[in-house]
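What follows is a single structure, written as structure tokens, with notes after it.
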Amino acid sequence: MTVSTMGRITKSDIEESFQNPLPEESILCSDGHVSYKGYSIDNNLKHIVLRGDLKQHVKKGGYHIQQVNELHNRLKKWIDGSFWGVSTKYLQNYLNWFYMREKFKHESITTEKMALASIQNTHAVKQYRCNNFSYNVLLATQL
């Protein structure tokens, strides 16, 4: 999980979020925002739109965005229940923390397991060291 932007996502935010374009056989399910439509057209992807305002939660074939919505709900509850707000400067660190909690939620996590998982993330130190730069880039895209 990575922070893409603050506010509504744009097509360029989506492109930057993926290290590589999605394979053409992928199916993009979204809430129908124009950014996702543009991304799917540019990358020749099938795009399935699910509009909550029309009570479209599942489309034929089992396409839905409920897992993403549930993940968002768990993240929001964790932040609201654990902190008095978060600093956008450290938002990526909060996401990393939440990811680790989700990864180990069904087992008793030990310091050893957490350290091993951190060591396996070859980008952890780089991400931490680039935090100020990433924050400045994120802010610059909001102006």
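The values are calculated or read from the model by the stated rules, or taken from the named source; none is laboratory data. Given the structure is predicted, the values throughout are model-derived calculations rather than measurements. Cβ: placed from backbone, ideal geometry, glycine included. Neighbour counts: every protein chain shown.
Is it the case, given these coordinates, that G38 is closer than 29 Å to N20 by Cβ, in a helix (DSSP H, G or I) and not basic (K, R)?
yes
Checking the condition of a type in the set (V, I, T), in contact with a strand residue (DSSP E or B) (Cβ under 9 Å, 6 or more places away or on another chain), in contact (Cβ under 8 Å) with a residue 24 or more places away in the chain and surrounded by fewer than 13 Cβ atoms within 10 Å (Cβ to Cβ), which residue from I65, I27 passes?
From the options I65, I27, the qualifying one is I27.
Would you point out the residue of region 54-89, among those that are farther than 23 Å from I14 by Cα and assigned to a helix (DSSP H, G or I), that is farthest from the chain's Cα centre (by Cα)?
For region 54-89, the residue satisfying everything is L54.
Given the criterion surrounded by 12 or more Cβ atoms within 10 Å (Cβ to Cβ) and in contact (Cβ under 8 Å) with a residue 24 or more places away in the chain, identify the matching residue among K89, K103.
Matching residue, one of K89, K103: K89.
Please specify each residue of region 1-30 satisfying the condition of being under 21 Å from Y63 (Cα atoms), in contact with a His (Cβ under 8 Å, 6 or more places away or on another chain) and of a type outside the set (A, V, I, L, M).
Matches in region 1-30: C29, S30.
For region 32-71, enumerate the residues that are touching an Asp or Glu at 6+ places or on another chain (Cβ under 9 Å) and at pLDDT 85 or above.
S35, Y39, D42, N43, N44, L45, K46, V49, L50, L71, listed by residue number.
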